[in-house]
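Below is one structure, written out as structure tokens, with a few remarks after it.
The values are calculated or read from the model by the stated rules, or taken from the named source; none is laboratory data. What you see is a predicted model; the values in this text were computed from it and never measured. Cβ placement follows ideal geometry from the backbone for every residue including glycine, while neighbour counts extend to all protein chains displayed.
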Amino acid sequence: MNRSASPANAEQLSRESRTLAPVQAMIRSCIQCGTCTGSCPNAFAMDRTPRQLWRLVLMGRQKAIFESKTFALCSACYYCTLRCPRGLPLTEAMGALKQIAARENRVRHRPSTLFHENFIRSVRRHGRVKEMELMTRYWAAVKNPVLPLRFALLGMKLMAKGKVSLDWPSKAKRPLETLFRKVEELEGRS
Ligand code: SF4
Ligand code: SF4
């Protein structure tokens, strides 16, 4: 079926192309050399390599891009950005895709979006992440009773090594509030 046949489809296609336009602009001169894929420490876990992802972005393949978890697995190490022979801002482009997925509340990325939201809220409240509070609020937000069980063994190992505190944090002191407000202002969110 030709999606461009009706005005509604034409509007949707136009909206989709506008969504991806800033990311396409960042990577427009990609030559598909694959250096980003060869450099990425997380590529082994990705369902699409970074090089494949950039190709999909340039082709405007929204569905394939947001069905992929590749950009969600980017840990922002900047290695691909440093090594790209075209000097492209690849880490920022990965971040831009994460922001689109969060803004549009894409179902496949909701758990990851909720994790990041609760992580940053914990840092905002206390100046650093409080693990017990983060995990409790995250699990409550995801509403998946099986999820805590999947992480139970890892949690016990971390607690045994003193890496995770069981303490519930005291009242929020918000020591980084000025910084957070400045970032919101720069991003036009205040
Ligand atoms: S390293 Fe740069 S030019 Fe090469 S495939 Fe990756 S994004 Fe494209
Ligand atoms: S910045 Fe992200 S995509 Fe690039 S090498 Fe690091 S983890 Fe991989």
Exercise. Are there any pairs, at least 6 apart or on different chains, whose C-beta atoms fall under 9 Å, with the first in the range 39-50 and touching a residue at least 12 places away in the same chain (Cβ under 8 Å) and the second assigned to a loop (DSSP other than H, G, I, E, B) and among the charged types (D, E, K, R), and if so, which?
Worked result: A45/K69; M46/K69; D47/K69; R48/K69
For this session: Only residues that are surrounded by 15 or more Cβ atoms within 10 Å (Cβ to Cβ) and more than 15 Å from Q32 (Cα to Cα): list them for the range 74-94, please.
Result: C74, Y79, T91, E92, A93, M94
Exercise. Which of the residues belonging to the range 4-49 are among the polar types (S, T, N, Q) and modelled with pLDDT of 95 or more?
Worked result: Q24, S29, Q32, T35, T37, S39, N42, T49
For this session: Quickly run through the range 95-121 and pick out the residues that are in contact (Cβ under 8 Å) with a residue 40 or more places away in the chain and not in a loop (DSSP other than H, G, I, E, B).
Result: A96, L97, I100, R108, H109, S112
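Yes/no matrix, rows are residues, columns are (1) surrounded by fewer than 13 Cβ atoms within 10 Å (Cβ to Cβ); (2) closer than 30 Å to S68 by Cβ; (3) modelled with pLDDT of 90 or more; (4) not assigned by TED's automatic domain parsing to the domain that holds L73:
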residue: R124; (1), (2), (3), (4): no, yes, yes, yes
residue: R128; (1), (2), (3), (4): yes, no, yes, yes
residue: K143; (1), (2), (3), (4): yes, yes, no, yes
residue: P148; (1), (2), (3), (4): no, yes, no, yes
residue: M159; (1), (2), (3), (4): no, no, no, yes
residue: L176; (1), (2), (3), (4): no, no, yes, yes
Problem set entry | Cβ pairs under 9 Å, 6+ apart, first in the range 67-91 and at positive phi and more than 6 Å from ligand 2 (Cβ to nearest atom), second of a type in the set (S, T, Y) and outside any loop (DSSP other than H, G, I, E, B) | G87/T81
Exercise. Out of the range 43-59, which residues are loosely packed, with under 15 Cβ neighbours inside 10 Å and either more than 16 Å from ligand 1 (Cβ to nearest atom) or within 15 Å of the chain's Cα centre (by Cα) (or both)?
Worked result: F44, A45, D47
